[in-house]
1. Six or more apart or on different chains, Cβ under 7 Å: which pairs go from a residue in segment 119-139 that's in contact (Cβ under 8 Å) with a residue 60 or more places away in the chain to one that's in a loop (DSSP other than H, G, I, E, B) and surrounded by 14 or more Cβ atoms within 10 Å (Cβ to Cβ)? Could you list them?
2. Pick out the one residue from Val75, Val82, Val71, Val63 that is in contact with a Pro (Cβ under 8 Å, 6 or more places away or on another chain) and of a type in the set (Val, Ile, Thr).
3. Based on what the data block shows, is Ala29 crowded, with 19+ Cβ neighbours inside 10 Å and touching a residue at least 40 places away in the same chain (Cβ under 8 Å)?
4. Tally time: how many residues in segment 53-90 are near the ligand (Cβ under 10 Å from one of its atoms), without any contact (Cβ under 8 Å) to a residue 40 or more places away in the chain and open to solvent by less than 40 Å² (accessible area, probe 1.4 Å)?
Amino acid sequence: AATRTFSIIKPDATRRNLTGAVTKMLEEAGLRVVASKRVLLSKEQAEGFYAVHKERPFFNDLVSFMTSGPVVVQVLEGENAVQRNRDIMGATNPANADAGTIRKELAESIEANSVHGSDSEENAAIEIAYFFKPEEIVG
Ligand code: CMP
């Protein structure tokens, strides 16, 4: 059955006008955009979203980067959506990502890595609820 995951097109990608290019790769990987909005995250929103990384050395830089420009938050639907999205995104560090993945083809660095995707169905549900009301998701 189709499941859902949560995606963010990050500021490095929106800055380079790659929203469509990223979305095309998601769609070609078999994912369907069932909710989407372009937003400028507040510091509080970014800190809350990445709370799990609070103690990491890169946390402050990550929050600065994620609030440096618009992002596009999306809900993606498809068979095995979480894994499917992780496969098309590629490794966190674009230097380690496989050819043909979003991060290999488009990302700039481990921080400016163009996309975020949920790492589990449990986190997908939490992350979707962080940005979308149920009625904003139209499958
Ligand atoms: P994301 O999947 O959004 O989850 C956490 C983000 O922190 C990650 O993608 C990167 O953009 C960023 N980041 C910056 N430095 C690192 C690092 N050394 N290891 C992991 N993530 C990092």
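1. So the pair list comes out as Ala124/Ser118; Glu127/Ser118.
2. Details: Val75 fails: in contact with a Pro (Cβ under 8 Å, 6 or more places away or on another chain); Val82 fails: in contact with a Pro (Cβ under 8 Å, 6 or more places away or on another chain); Val63 fails: in contact with a Pro (Cβ under 8 Å, 6 or more places away or on another chain).
Being in contact with a Pro (Cβ under 8 Å, 6 or more places away or on another chain) and of a type in the set (Val, Ile, Thr) holds for just one of Val75, Val82, Val71, Val63, which is Val71.
3. So Ala29 does not fit the description; no.
4. The number of residues fulfilling the criteria is 3.
The values are calculated or read from the model by the stated rules, or taken from the named source; none is laboratory data. Bear in mind that the values here come from a model prediction, so they are computed numbers and not experimental data. We place every Cβ from the backbone using ideal geometry, glycine too, and count neighbours over all the protein chains shown. What goes into the accessible areas is simple: the full protein's heavy atoms, side chains included, and nothing from ligands, DNA or RNA. Shrake-Rupley method; radii C 1.70, N 1.55, O 1.52, S 1.80 Å.
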